[in-house]
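Nothing in this text is a laboratory measurement; each read-out follows from the coordinates by a stated rule. Just so we're clear, the structure is a prediction, and the values are computed from it rather than from any experiment. Ideal geometry is used to build each Cβ from the backbone, glycine not excepted, and the neighbour counts take in all protein chains shown.
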Amino acid sequence: MSSHRIGLLALQGDYEAHGKALVRAGFPRCDMVEIRSFSDLQSLTAIIIPGGESTVMSMLLERFGMFEELKRQIENGMPVLATCAGLILLAKNIEGNDQMGLGVLDIKVKRNAYGRQVDSFHAPVQTIIDSVGIIEGIFIRAPRILASGKEVEHLAIYENEPVMVRQGSIIAATFHPELLPDAPVHRWFIQTFV
Ligand code: GLN
């Protein structure tokens, strides 16, 4: 077995787009594993939690008995790249919603927070990561980060609000960097954490 194993949480959502982004970023497909059960969660180097529907993902994590184990591994330092619904799933505080989150990332989020008319849009996003620079933010029924704790670093800003954050080895974006042709965020994530 290879020494690196990146898990794609594959219960629901756009995990395939993340797999393709990792390939574009130079990561071998054979070192990725789709995560659908408790046993798949063993021996991971890192995990990607995709966009999709956070309520559904949360429910399926519970149903398949994976919720506590995933939370435990992230709390123990397993690197995570999460996008959109994935970010919501990680958040400590989900506004107006009693859905079960993993509660490992010290942010307060509001789901579907850009309103119906503009619930999907593209906009330039400035990151503080040299190798990433300014990227196109693809926001799809995106959440907004309303507040963040002092351990949370803001990696990217859009309209004066954080849209990509880091807390230790947790990286989470409100938009969809997996849809960028050159996959700069995935490239940086692999270089930094894998
Ligand atoms: N609105 C979705 C949710 O609340 C997230 C949308 C997305 O992941 N593109 O889970």
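Table for the structure above
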{"quantity": "Table column - 3J(HN,Hα) (Hz), region 56-70, Karplus curve with 6.51, -1.76, 1.60, x for Gly and Pro", "calculated": "5, 4, 4, 4, 5, 4, 5, 4, 8, x, 9, 4, 5, 5, 5"}
{"quantity": "Relative contact order (%) - region 83-138, alpha-carbon pairs under 8 angstrom, separation at least six", "calculated": "23 percent"}
{"quantity": "From phi via Karplus (6.51, -1.76, 1.60), per-residue ³J(HN,Hα) for region 165-179 in Hz, x at Gly/Pro", "calculated": "9, 9, 10, x, 9, 9, 10, 9, 10, 7, 10, 10, x, 5, 8"}
{"quantity": "Amide H contacts of residue 83 (H built 1.01 Å from N, under 5 Å, at least 5 apart or other chain)", "calculated": "49, 51, 173"}
{"quantity": "Magnitude of the charge dipole, the chain, Cβ model with Lys/Arg +1 and Asp/Glu -1, debye to 20", "calculated": "60 debye"}
{"quantity": "Sites residue 16 and residue 151, calculated FRET efficiency, Cβ-Cβ separation with R0 35 Å, nearest 0.05", "calculated": "0.65"}
{"quantity": "Extended-chain gain in nm, criterion 0.36 nm per residue less alpha-carbon gap, residue 56 and residue 191", "calculated": "45.5 nm"}
{"quantity": "Mean Cβ neighbour count within 10 Å, used as a protection proxy, ranking 26-39, 67-80 highest first", "calculated": "67-80, 26-39"}
{"quantity": "Rounded, prolate or oblate (a/c below 1.5 giving rounded, otherwise prolate when a/b exceeds b/c) for region 36-100 by Cα gyration tensor", "calculated": "prolate"}
{"quantity": "Karplus-derived HN-Hα couplings along region 180-185 (A = 6.51, B = -1.76, C = 1.60, θ = phi - 60°), whole Hz, x at Gly and Pro", "calculated": "7, x, 9, 6, x, 5"}
{"quantity": "Net lengthening on full extension, residue 43/residue 3 (0.36 nm per residue, minus Cα-Cα)", "calculated": "13.5 nm"}
{"quantity": "Length-normalised contact order of region 17-96 in % [C-alpha pairs under 8 Å, at least 6 apart]", "calculated": "34 percent"}
{"quantity": "Residues of region 147-184 with amide N under 14 Å of the 7 Å Cα→Cβ point at residue 92", "calculated": "147-153, 166-168"}
{"quantity": "Relative contact order [Cα under 8 Å, 6+ residues apart], the chain, whole percent", "calculated": "21 percent"}
{"quantity": "Net charge over other residues, Cβ less than 9 angstrom from the Cβ of residue 114 (K, R count +1; D, E count -1)", "calculated": "+2"}
{"quantity": "For residue 161, distant residues with modelled amide H under 5 Å away", "calculated": "none"}
{"quantity": "Cα-based shape type of region 88-139, given that a ≥ b ≥ c are square roots of the gyration tensor eigenvalues and the cut on a/c is 1.5", "calculated": "oblate"}
{"quantity": "For region 1-61: rounded, prolate or oblate by the Cα gyration tensor [a/c cutoff 1.5]", "calculated": "oblate"}
